[in-house]
């Protein structure tokens, strides 16, 4: 069994492998790597293994290509989501908030939870109320 290519997608590991049929008269197995290569998928949580044949389903190929083509956009969306998470965490734990946190929280619909906002008029001491 020789692995040609591996990739993971949505918690599934896809591998391409050759297989030997075990027939004593099989020239493909005795003279080469075996039959295939064939695609297999293994669920990383359950360990369930699925045979896909010589070609992967088109939906898997399309999802893999889309994911590879959007790596930068996915990473930027992740950074943005982490920033939102951190602002929400600080709000929930009554931690000090930066102006960027206040803008994020207001955009998420939590402006009413803020004592003062960056969009409010300034007071005499320079704080916003």
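Just so you know, all these numbers are worked out from the coordinates, no wet-lab data involved. Every value quoted in this text rests on a predicted model; they were computed, and no experiment measured them. Positions of Cβ are generated from backbone atoms using ideal geometry, with glycine treated the same way; all protein chains shown enter the neighbour counts.
Brief remarks on what is shown
- Extended-chain gain in nm, criterion 0.36 nm per residue less alpha-carbon gap, residue 43 and residue 12: 10.7 nm
- From helices alone, the chain scores -11500 deg cm²/dmol at 222 nm; the rule is -39500 (n - 2.57) for each run of n ≥ 4 DSSP H residues, then divide by the residue total.
- Between residue 107 and residue 63, the FRET efficiency from the beta-carbon distance, with R0 = 35 Å, is close to 0.70.
- Linear extension gain, residue 52 paired with residue 75, 0.36 nm per residue minus alpha-carbon span: 5.3 nm
- Share of alpha-carbon pairs per 5 Å distance bin for the stretch 71-113, given as whole %: 5, 24, 30, 19, 11, 7, 3, 0
- Relative contact order of the stretch 1-113, defined on C-alpha pairs under 8 angstrom at six or more residues apart (%): 15
- Tilt relative to the chain, helix 71-92 - C-alpha long axis, 0 to 90 degrees, to 10: 40
- Computed over the alpha-carbon pairs of the chain, the distance histogram in 5 Å steps reads 2, 9, 12, 11, 9, 8, 8, 7, 6, 6, 6, 5, 4, 3, 2, 1, 1, 0, 0 percent, short to long.
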